[in-house]
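Since the structure comes first, as structure tokens, the remarks are kept for the end.
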């Protein structure tokens, strides 16, 4: 993912709400959201180049998502795929805390990442560019291609929009959350972050929904978990407008 908006124990009816955009090169082969044939407990899209994923869940109450940390000066061409971290956590049975402790000594082998994990103990954030992992308190969070809640304009815009939606809507629908993710507002040059790419690309990458030459927002995904553990997972793939939905019940003891 390249933009993740999260409401964790913020809304009285839905303890976990996630709205996320996946930005990627259009020619990178991808499978859409589905339960995996080889790992049927996992539901996620799939990167067909490396085999990992950017956001996924399992049937028992585990959640994971990742964004890249943008720093062109520190890219390691031979580093393992960051998407593996999501699928690796979901295929395991380790508590998130244990998984993150085990990951810490080898996290530097990966290019820059931000990792969000959820399980029965709560929601957790880790980055190999930002110190030790931490448990997240209830609240609204935004994550793009820098550290959690870095105030990039699109992240601030998205988090503000999420807050406004949840404060006025007692029953936010996946479609309302998906609509939030389609904002194509360009950021003025004076407000652009400096992330090591050209000014032209800073402009291209500044909206919540990206449409750049050969690159852009390929899919948007919404996760809604209610207080009873009912999961509603929806993904729209923008190239063909297709939509996939999954609903099931998590057992008691999940990130909500």
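The values are calculated or read from the model by the stated rules, or taken from the named source; none is laboratory data. Bear in mind that the values here come from a model prediction, so they are computed numbers and not experimental data. Neighbour counts are summed over all protein chains in view; Cβ atoms, including those assigned to glycine, are modelled from backbone coordinates with ideal geometry.
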- [ ] Scan 128, 145, 111 and give me the residue that is in contact with a helix residue (DSSP H, G or I) (Cβ under 7 Å, 6 or more places away or on another chain) and surrounded by 13 or more Cβ atoms within 10 Å (Cβ to Cβ).
- [x] 128
Task: Top-ranked residue in the stretch 156-179 [being in contact with a strand residue (DSSP E or B) (Cβ under 6 Å, 6 or more places away or on another chain) and closer than 19 Å to residue 219 by Cβ; ranked as surrounded by the fewest Cβ atoms within 10 Å (Cβ to Cβ)] - done: 178
Open item on the list: If I ask for residues that are outside any loop (DSSP other than H, G, I, E, B) and out of contact with any strand residue (DSSP E or B) (no Cβ under 8 Å at 6 or more places or on another chain), which ones from the stretch 192-209 would you list?
Closed with: 199, 200, 202, 203
- [ ] Can you tell me which residue among 70, 28 is modelled with pLDDT of 95 or more, assigned to a loop (DSSP other than H, G, I, E, B) and more than 24 Å from residue 134 (Cα to Cα)?
- [x] 28
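Is it the case that some residue within the stretch 137-146 is closer than 23 Å to residue 236 by Cβ and outside any strand (DSSP E or B)?
Within the stretch 137-146, one or more residues are closer than 23 Å to residue 236 by Cβ and outside any strand (DSSP E or B).
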TODO: Count, please, the residues in the stretch 10-45 that happen to be within 28 Å of residue 170 (Cα to Cα) and crowded, with 18+ Cβ neighbours inside 10 Å.
DONE: 14
TODO: Answer yes or no: is there a residue in the stretch 85-99 that is in contact (Cβ under 8 Å) with a residue 24 or more places away in the chain, within 14 Å of the chain's Cα centre (by Cα), within 28 Å of residue 250 (Cα to Cα) and not in a helix (DSSP H, G or I).
DONE: no
